[in-house]
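Chemist: Would you mind keeping the following structure in view while I ask a few things?
The values are calculated or read from the model by the stated rules, or taken from the named source; none is laboratory data. Predicted, not measured: the structure shown is a model, and the values here were computed from it. Heads up, the Cβs are rebuilt from the backbone with ideal geometry, glycines too, and the neighbour counts pull from every protein chain shown. Just the protein is used for accessible areas: all its heavy atoms, side chains included, with ligands, DNA and RNA removed. Shrake-Rupley method; radii C 1.70, N 1.55, O 1.52, S 1.80 Å.
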Amino acid sequence: MNITDYFLKHPVIAVILNILILFVGLLSFNELLVREYPEVHFPKVNVYVSYPNASPELIEMAVTDPLEDGLAGVEGLETITSESKYGECIITLSFKNGISIDKSIIAIREAIGLVTLPKEVDPPRIERKKASDVMPFMVISLESTAMDFAELTHYANLNLKNAFRSVQGVSSIDIWGQPYTYTIKLDSKKMYTFGVNVDDIMTVLRRSNVALPAGQFQNAVPVTLNAQMKSASDYDNLVVKEKGEKPAVLLKYIADVSLEKDDRKFRVKINGKPGLCIAINRTNDSNPLDVSDHIKKVLHHIQETLPTSIKMNLVSDQAAFVRQSIKNVEKSILEAVICVIVVIFFFLRNFWATFIPLVAIPLSLVGSFLFLKIFGFSINILTLLAMVLAIGLVVDDAIVVLENIQRYKDKGLDIKEAARRGA
């Protein structure tokens, strides 16, 4: 007795089994992630090194080249690519498949520790490279008719950054703007007169701009020695050099300190007016459609509370392509179902024969979600394309079996015998 004979003799079991496939498929569908493309783990590591105020040429000579020489001996390394730009360099290390990233990061730290870098260079930062490092998931523009670029950047950092960062599925927020920065313009003639050099000023700046714990008051209240400079007058009154009994040399005697905007990295205009962009990056395990919907809700709420001089708009959303792809697949499935119904009814002229593929197609697709869940797949462009192609397989099988069953019915066999022989 084959499987067809068994289900012909036990139709209730067949119905229950199909309901079970539908139920399990729907449960698996709710647990599947939705992505644009399948998740691919790239064995890559990024090394970020900051060298404040250094030119790209200086960074390449003093930082990038020594680090590349030191990292070239890391085990399993396949390629090294680097980018030297103003104030920082980024080194990307690509490893062979099967290499443990955790062990590679340890080897990278050891290799960097053996490289001698200038004292002014900040400690290198090592991060695993993500698939979303190339383009942000969403980009939101901000423009104002009353604020300049620096004021708008300051406003976004204070009032908007944390609002988007709190959204579930968001990994980081980057403000593409021009922040405020203190500019110190030294006067070489005055420095020579007072006997001060640049190293003296840099040493004093690093030593003075600190906050240190100073114990507790009455063993209860913590006391902090805060020497951080928060205004231009704090910088002006900074003691650069002491001359014994003579008056001390202050920074304002040899330099002009001013609060200005840093326009060296970004210059953005939206509709011809000063503006900035808020770049939103999502985590790899988040659903892009859910993250997009949550961000749009937060965006709508923020737009209602913004000053009238500020306008916020959504510029880029990678989830839009995923939504459109899903709609195209839904359209293809609907067209396939309609074509199958029309063709089968036209040739067989039997309502029940037409109804069978109409049930088999969605049932087969829903049941496939279980295997997507078992093998760790996600709903993406490739799996949706596979479902569209699978409709053809289901329809072909259903039509061939139906036609064969109908042939045996035309020979005079009863419905059960025709079904058994036809299958």
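Chemist: Kindly write out, for region 9-19 in residue order, the coupling ³J(HN,Hα) from the Karplus curve 6.51 cos²θ - 1.76 cosθ + 1.60 (θ = phi - 60°), rounded to whole Hz, with x marking Gly and Pro.
Modeler: Here the 3J(HN,Hα) series is 7, 10, x, 5, 5, 4, 5, 5, 5, 5, 5 Hz.
Chemist: Keeping every protein chain in place, order CYS277, CYS339, CYS89 by accessible area at 1.4 Å, biggest value first, i.e. largest first.
Modeler: Reading off the accessible areas and sorting them downward yields CYS339, CYS277, CYS89.
Chemist: Give me the percent of accessible area attributable to carbon and sulfur for region 354-402, probe 1.4 angstrom.
Modeler: The computed percentage sits at 84.
Chemist: With +1 on each Lys and Arg Cβ and -1 on each Asp and Glu Cβ, and nothing else charged, work out how big the dipole of the chain is about its Cα centre, in Debye to the nearest 20.
Modeler: 820 debye
Chemist: With springs only between Cα atoms under 10 Å, which of GLY25, GLY392, GLY73 fluctuates most in a Gaussian network model of the chain?
Modeler: Per the Cα network of the chain with a 10 Å cutoff, GLY73 tops the list.
Chemist: Strictly over 26 Å apart at the Cα level, which of LYS185/LYS269; LYS44/LYS269; LYS327/LYS373; LYS44/LYS327 would you flag in this model?
Modeler: Distance filter (> 26 Å) returns LYS185/LYS269; LYS44/LYS269; LYS44/LYS327.
Chemist: Further question: Helix 288-305: angle to the longest alpha-carbon principal axis of the chain, degrees 0 to 90, nearest 10?
Modeler: For 288-305 against the chain, the angle is about 50 degrees.
Chemist: Right, something else. If you fit an axis through the alpha-carbon atoms of helix 198-208 and take the longest principal axis of the Cα set of the chain, what angle between them do you get, 0 to 90°, nearest 10?
Modeler: Computed tilt is about 70 degrees.
Chemist: While we're looking at this one, here's another question. Which label marks the calculated value of Rg/Rh (Cα atoms, Kirkwood Rh), given the options [x] 1.05; [y] 0.95; [z] 1.18?
Modeler: Checked against the structure: label [z].
Chemist: Still on this model: Non-local amide H neighbours of SER316 (under 5 Å, H modeled in plane, Pro and chain starts lacking H): which ones?
Modeler: VAL139
Chemist: Run lengths n ≥ 4 of DSSP H only: what is the helix-derived mean residue ellipticity at 222 nm for the chain, with -39500 (n - 2.57) per run over all residues, to the nearest 500?
Modeler: Result for the chain, helices only: -15000 deg cm²/dmol.
Chemist: I would also like to ask the following. Heavy-atom accessible area per residue, the chain, 1.4 Å probe: how many Å²?
Modeler: I get 62 Å² per residue for the chain.
Chemist: Out of all DSSP beta bridges in region 24-92, what portion is antiparallel? Express it as a percent rounded to 5.
Modeler: For region 24-92, the DSSP antiparallel bridge percentage is about 100.
Chemist: Also, quick follow-up: With θ set to phi - 60°, apply the Karplus curve 6.51 cos²θ - 1.76 cosθ + 1.60 along region 155-167 and write out the HN-Hα couplings as whole Hz, x wherever there is a Gly or Pro.
Modeler: Result, ordered by residue: 5, 5, 5, 7, 10, 10, 4, 5, 5, 7, 5, 6, 5 Hz.
Chemist: If you don't mind, there's one more thing I want to ask. Need the full-extension length gain, THR308 to ARG407, defined as separation in residues times 0.36 nm minus the C-alpha distance. One decimal, nm.
Modeler: 28.2 nm
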